[in-house]
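First comes the structure, then the notes that go with it.
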Amino acid sequence: MRITGGKVSRRILKVPKGFDVRPTPDLVKQAVFNSLGDRVVDARVLELFAGTGALSLESLSRGAAHAVCVEKSARHAQMIRRNLEIAALSAGSLEVRVQDVFTALTQLAAGAAGFNLVLADPPYGEKNIGQRSQKTLSSLAILLLLASTALGDGSTDYDATSLAKFKQGDLDGALADFNQAVRLTPGVSAPWFHRALVEDARGNLAGALADYTKAIELKPGSANTHANRGNVKQEMGDLAGAIADYSKAIELKPDNPVAHTSRGLLKKVNGDPNGALADYNQAIQLDPNYARAYLNRACLRYDAQQFTAALADFRKTSELNPSLDFPRSSIWLVRAHLGEKEPATKELQAYLQNRQAGQPDDWPLQVARFLAGQLTEPALFKAAENPDQRTATEQLCSAYFYAGEKHLIGGDKAAATQYFEKCVTTGKKDFYDCQSAAAELKLLKAQK
């Protein structure tokens, strides 16, 4: 048996005599670690039923930061320590716990130990049947929950049960799991961070804000947590607080294009278009394929009547994200303002013809159909109705803006002004449509 990869590849390891230990075959081990790839690098590894410690030693050879082996047999535990010496790896990189796996799991979870990678190759035999209980799986999930990323951002790169529930839309189940994690380890930032994600998705902004704040208190150097708290503050209307959080995120991680773009949007709202443009340009420099930065810059240029530059950015956004409707509708607006309404309409109609039909409440589709002449103005406002008040307000804001733009392009400035004023009255200041309506009003008033 040998180490198959990494800095001490090909080292031959010792195996106890007899059939008490059946090490993972080298070919299987190599396939597993090749599949894991860079996830092993800087990871904290837990190996259960360790036997020879081969999986932990393989992890350390491939760049893991630390490993813990759990092995019930004192004799086998001694063999693990001997293999560590053979591999010539740092003595401090491996901890051996001589105890029953199921006892160890309970203690590790209660003690706030965190791991990025858990490996288990249990022994064969009837004695193990029935012991792989849901309780054991829950303990493993809690251990994974407590792990921090190699980046130290408070998020994780694993498929723990709780995060899987979150991704699958089981918000109640995920929340219950994260509540348990917070209860067991109140001094660890990751469970607070993940519970905040769930609270935000559930619409409990106050709860999300409190949890992100606690996560920052426990781990003040997390750029990701500051950025996420900024998102929540923005949703709650605290734009100054959001800008402060985005700025802190940028200070901690200057190469983050998302934080630059988010801050740029709020600078625009606060009347600082030059500051917004600087943030968008920086975001694009950091990530030339970040569609949202091009979209935000396009809207900024549109509001400044820089239509040719705006058109280029809207087209770049569509190139990077072909399924996004908003830039398609915006391209129609730009071209119509440039006197190209007829070819713009044909372009949008061609897009709609190839677009997959959405649900009846597919709002972006209704907007595009309205601009393309396939939906009347009264039908647009009817489609904007929604039983959820927040959604209804957002869609009404959008409907006022697009109706105003069509009237403006058609030469009816009075009707356009009325619609733009109604759009601004909705108070959705961080919405593209509301910002553009305000910009149009400013220009219309200047022309009087």
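The values are calculated or read from the model by the stated rules, or taken from the named source; none is laboratory data. This one's a predicted model, so the numbers in the text were calculated from it and none came from an experiment. Positions of Cβ are backbone-derived with ideal geometry, glycine not excepted, and every protein chain shown enters the neighbour counts.
Whether any residue in segment 423-443 is exposed (fewer than 13 other Cβ atoms within 10 Å of the Cβ), more than 36 Å from the chain's Cα centre (by Cα) and closer than 26 Å to GLU235 by Cα is what I want to check. Checked segment 423-443: at least one residue is exposed (fewer than 13 other Cβ atoms within 10 Å of the Cβ), more than 36 Å from the chain's Cα centre (by Cα) and closer than 26 Å to GLU235 by Cα.
Looking only at residues that are polar (S, T, N, Q) and touching a residue at least 40 places away in the same chain (Cβ under 8 Å) in segment 181-208, which one is surrounded by the most Cβ atoms within 10 Å (Cβ to Cβ)? Steps first, please.
Restricting attention to segment 181-208, the residues satisfying the condition of being polar (S, T, N, Q) are 185, 189, 204.
The next check asks that each one be touching a residue at least 40 places away in the same chain (Cβ under 8 Å); those that pass are 185, 189.
Details: THR185: 21, SER189: 23.
So the residue we want is SER189.
Considering only residues that are of a type outside the set (A, V, I, L, M, F, W, C) and either over 19 Å from LYS406 (Cα atoms) or surrounded by fewer than 16 Cβ atoms within 10 Å (Cβ to Cβ) (or both), which ones fall in segment 308-339?
Of all residues in segment 308-339, those of a type outside the set (A, V, I, L, M, F, W, C) come to 308, 313, 315-319, 321-323, 325, 327-330, 335, 337, 339.
Passing the criteria: THR308, ASP313, ARG315, LYS316, THR317, SER318, GLU319, ASN321, PRO322, SER323, GLY339.
For segment 232-246, residues that are in contact (Cβ under 8 Å) with a residue 24 or more places away in the chain and farther than 14 Å from LYS429 by Cα total 2. The single condition from (1) in contact (Cβ under 8 Å) with a residue 12 or more places away in the chain; (2) surrounded by fewer than 17 Cβ atoms within 10 Å (Cβ to Cβ); (3) within 17 Å of GLU405 (Cβ to Cβ) that THR393 fails is (3).
With respect to (1) in contact with a Gly (Cβ under 6 Å, 6 or more places away or on another chain); (2) under 20 Å from ASP255 (Cα atoms), the lone exception for GLU199 is condition (2). Checked against the criterion of being at pLDDT below 75, of a type outside the set (Gly, Ala, Ser), closer than 30 Å to ASN224 by Cα and not in a helix (DSSP H, G or I), the candidates LEU151, LEU119, LEU144 yield just one match: LEU151. Residues that are closer than 17 Å to PHE370 by Cβ and without any contact (Cβ under 8 Å) to a residue 60 or more places away in the chain within segment 307-332 comprise ASP325, PRO327, ARG328, SER330, ILE331, TRP332, listed in sequence order. Of all the residues in segment 46-74, those that are farther than 12 Å from ARG97 by Cα and part of a helix (DSSP H, G or I) number 8. The residue that is nearest to PRO327 (Cα to Cα), among those in segment 268-304 that are surrounded by fewer than 23 Cβ atoms within 10 Å (Cβ to Cβ) and small (Gly, Ala, Ser), is ALA291.
Could you list, in sequence order, the residues of segment 154-187 that are charged (D, E, K, R), under 20 Å from the mean Cα position of the chain (by Cα) and either outside any loop (DSSP other than H, G, I, E, B) or modelled with pLDDT under 75 (or both)? If you could, list the steps in order and put the result at the bottom.
Initially, segment 154-187 is screened for residues charged (D, E, K, R), giving 157, 159, 165, 167, 170, 172, 177, 183.
So of that shortlist, the ones also under 20 Å from the mean Cα position of the chain (by Cα) come out as 157, 159, 165, 167, 170, 172, 177.
Matches in segment 154-187: ASP157, ASP159, LYS165, LYS167, ASP172, ASP177.
Scanning segment 343-394 for residues that are outside any helix (DSSP H, G or I) and either touching a Lys or Arg at 6+ places or on another chain (Cβ under 8 Å) or of a type in the set (Lys, Arg) (or both) yields ARG355, LEU375.
Of all residues in segment 76-95, those satisfying the criterion of being crowded, with 20+ Cβ neighbours inside 10 Å and not in a helix (DSSP H, G or I) are LEU89, LEU94.
Among the residues of segment 90-116, those identified as under 22 Å from ARG2 (Cβ atoms) and modelled with pLDDT of 85 or more are SER93, LEU94, VAL96.
If you take the residues in segment 424-448 that are of a type outside the set (S, T, N, Q) and in a loop (DSSP other than H, G, I, E, B), which one is nearest to VAL367 (Cα to Cα)?
Looking at the filtered set, the residue picked out is PHE431.
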